[in-house]
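Engineer: Structure provided below as structure tokens; questions to follow.
Bear in mind that the values in this text are calculations on the coordinates, not laboratory data. Computed from a prediction, not measured in an experiment: that's the story for all the values here. Every residue, glycine among them, receives a Cβ derived from its backbone with ideal geometry; neighbour counts consider all protein chains shown.
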Amino acid sequence: MTKPMWVCPACGRSFANQRQSHTCAPLGDVDAHFDGTEPHVRRTFDYVLEVVREFGPVLVLAEKTRIALQVRMSFAAFMPRRE
């Protein structure tokens with residue numbers, strides 16, 4: 001049986017562990033992470049996300065410094081660069 005997710009009362013994000021350490025900040029916009037990048041950078045991210053979603057649902061969390069992929073826990077992070 002899977003333990004229910006804990007939801008931070010301050011920011012609303014879900015975590016596998018109660019009171020998990022995190023930065024309580026609002027999520028941003030995925031598109032903003034790709035401002036100023038070459039088009040192939042976004043295409044690569046979109047392709048990776050498409051492949052990952054073949055395994056099941058995944059949350060895409062646009063945090064301040066990265067884009068995280070989460071199921072029960074974050075399992076991948078992307079920090080797009082210009083090229």
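Engineer: Once you list every other residue whose beta carbon is under 12 Å from the beta carbon of residue 67, what net charge do they have if Lys and Arg are +1 and Asp and Glu are -1?
Structural biologist: Values: positive: 42, 64, 66; negative: 29, 31, 46, 63.
That works out to -1.
Engineer: For residue 52 paired with residue 19, estimate the spin-label separation in nm (one decimal), with each label point 7 Å from Cα along the Cα-to-Cβ line.
Structural biologist: Modelled inter-label distance: 2.9 nm.
Engineer: What is the local net charge at residue 82, summed over the other residues whose Cβ is closer than 14 Å to its Cβ (Lys, Arg +1; Asp, Glu -1)? Walk me through the intermediate numbers first.
Structural biologist: Values: positive: 42, 81; negative: 35, 38, 83.
Around residue 82, the surrounding residues sum to -1.
Engineer: Calculate log10 I(q)/I(0) of the chain for q = 0.15, 0.19 Å⁻¹, where I(q) comes from the Debye formula with a single equal point scatterer on each Cα and nothing for solvent.
Structural biologist: -0.60, -0.90
Engineer: What is the range 3-60's relative contact order, in percent, from Cα pairs under 8 angstrom and six or more apart in sequence? Mind dumping the intermediate values first?
Structural biologist: Working: 27 pairs, mean separation 10.2, N = 58.
Normalised by residue count, the contact order of the range 3-60 is 18 percent.
Engineer: Here's a follow-up. Among 41, 17, 51, pick out the residue whose Cα is farthest towards the positive end of the charge dipole of the chain, where Lys and Arg carry +1 and Asp and Glu carry -1 on C-beta, about the Cα centre.
Structural biologist: In the chain, that residue is 17.
Engineer: A further question on this structure: Against the longest alpha carbon principal axis of the chain, how many degrees, from 0 to 90 and to the nearest 10, is the axis of helix 39-53 turned?
Structural biologist: 40 degrees
Engineer: Oh, and also: Helix-only mean residue ellipticity at 222 nm, the chain, DSSP H runs n ≥ 4 weighted -39,500 (n - 2.57), per residue, nearest 500. What is it? Could the numbers behind the result be given before it?
Structural biologist: Working: 1 runs with 15 residues, N = 83.
It comes out at -6000 deg cm²/dmol, rounded to the nearest 500.
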